[in-house]
1. Starting at the first residue of segment 36-52, write each ³J(HN,Hα) from the Karplus equation 6.51 cos²θ - 1.76 cosθ + 1.60 with θ = phi - 60°, in whole Hz, x for Gly and Pro.
2. Å³ per residue of the Cα convex hull, for segment 40-91?
3. Percent of accessible area on segment 20-129 owned by carbon and sulfur, 1.4 Å probe?
4. Work through the residues other than PHE71 whose Cβ is under 10 Å from its Cβ and net out their charges, Lys, Arg +1 and Asp, Glu -1.
5. Determine the relative contact order of segment 1-104: mean sequence separation of Cα pairs under 8 Å and six or more apart, normalised by residue count, in whole percent.
6. If packing is taken as the average count of other Cβ atoms within 10 Å, what order do 112-120, 32-40, 50-58 fall into, highest mean first?
7. If you wrap segment 1-75's Cα atoms in a convex hull and average its projection over all directions, what's the area in nm²?
8. Please find the FRET efficiency linking LYS19 to LEU41, where r is the Cβ-Cβ separation and R0 is fixed at 41 Å, and quote it to the nearest 0.05.
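The values are calculated or read from the model by the stated rules, or taken from the named source; none is laboratory data. Because the structure is predicted, anything quoted here is derived from the model rather than measured. Cβ coordinates were reconstructed from backbone atoms using ideal geometry, including for glycine residues, and neighbour counts include every protein chain displayed. Surface accessibility is based on the protein's heavy atoms, side chains included, excluding ligands, DNA and RNA. Shrake-Rupley method; radii C 1.70, N 1.55, O 1.52, S 1.80 Å.
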Amino acid sequence: GLGLNWNLWDWGQRWNLVKAAEADARRAELEAKKLSSTLSLQARRSLREAHAAFESLSVAVAGLAASEEAFRIQNIRYNEGATTTTELLTAETEVASARLGFARARYSYFVALVGLARAAGLGPKELLP
């Protein structure tokens, strides 16, 4: 015996399954677009942070050079007796502060580079200068 079973009327069950599958496909498309936008935003933000960190690094270098020059001048003036020990120590403190600022700026720059590499899907060594 051969049996044949065909349901001619399923009360819209197949129609509903098709519509549910279409809705799932549309939801997946929207999630993919959302993820793409999120990744793009993260990459742009990381690039801007790396650029800003690089700019602050150049400012820190200039500040360090200026404070070292000021200390050099104060040291010469102190050796000639034209300034006090307090002024010399103040200049030396400013040099130490500028060196610390440079170290912080450099650290921030490298952290921003690692964030950029992560956002771009690269290894950190691929972006280091």
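1. Here the 3J(HN,Hα) series is 4, 5, 5, 5, 5, 4, 5, 5, 5, 5, 5, 5, 5, 5, 5, 5, 5 Hz.
2. Looking at segment 40-91, the number lands at 53 Å³ per residue.
3. Answer for segment 20-129 is 61 percent, counting heavy atoms of protein chains only.
4. Summing Lys/Arg as +1 and Asp/Glu as -1 gives -3.
5. Value for segment 1-104: 24 percent.
6. 112-120, 50-58, 32-40
7. Taking a quarter of the hull surface, the average projection is 10.1 nm².
8. With a Förster radius of 41 Å, E is 0.80.
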